[in-house]
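Only one structure is covered here, and it is reproduced in the block below.
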Amino acid sequence: MTIYESGEDYLEQILVQQLEKGHARSIDIAIALGYSKPSVSIAMKSLREKGLITMDAANHISLTEEGQRIAERIYERHQKLTAYLVSLGVSAANAKEDACKMEHDISEETFRAMCAQLEK
């Protein structure tokens, strides 16, 4: 299954919302990502069709097992890349923004090497 960068961002944001609030809703995702509610609704439909999320009667979004796996991988990358960039002297705000761009494209080998360097 192909999942694009935007899909990964949505899954990561669902995970973040669940960690912060205990649940995720489309409106909260729209606000957090700065997207329109209709755009988020279209994305949620696509993620549902791919079997990555479910929605209950209260419109709370949950990650499926596969959605959770992808979200956790992206979230881990974001957190570790942010920490790595901050350790290099990059401001927290810029590190967070740059990590968001890097998390999708960096190879597993490079990511693991950066994590190893961060742990030293």
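The values are calculated or read from the model by the stated rules, or taken from the named source; none is laboratory data. None of the values given here were measured: they were computed from a predicted structure. FYI the Cβ positions are ideal-geometry reconstructions off the backbone, even for glycines, and counts take in every protein chain you see. Ligands, DNA and RNA are stripped out before the accessible areas are found, and what is left, the full protein with its side chains, is counted by its heavy atoms. Shrake-Rupley method; radii C 1.70, N 1.55, O 1.52, S 1.80 Å.
Can K80 be described as at pLDDT below 95 and within 16 Å of the chain's Cα centre (by Cα)? Before the answer, list the steps.
Working: at pLDDT below 95: yes; within 16 Å of the chain's Cα centre (by Cα): yes.
Spelling it out, K80 is indeed at pLDDT below 95 and within 16 Å of the chain's Cα centre (by Cα).
Scanning region 78-120 for residues that are closer than 13 Å to D9 by Cα and in contact with a helix residue (DSSP H, G or I) (Cβ under 6 Å, 6 or more places away or on another chain), which turns out most open to solvent (accessible area, probe 1.4 Å)?
M102
Restricting to helices (runs of 4 or more DSSP H) lying wholly in region 1-62: which have 1 or more residues that are over 24 Å from E97 (Cα atoms), open to solvent by 60 Å² or more (accessible area, probe 1.4 Å) and out of contact with any Phe, Trp or Tyr (no Cβ under 7 Å at 6 or more places or on another chain)? Full working, then the answer.
On the way: elements: 5-21, 26-33, 37-49.
So the answer is 37-49.
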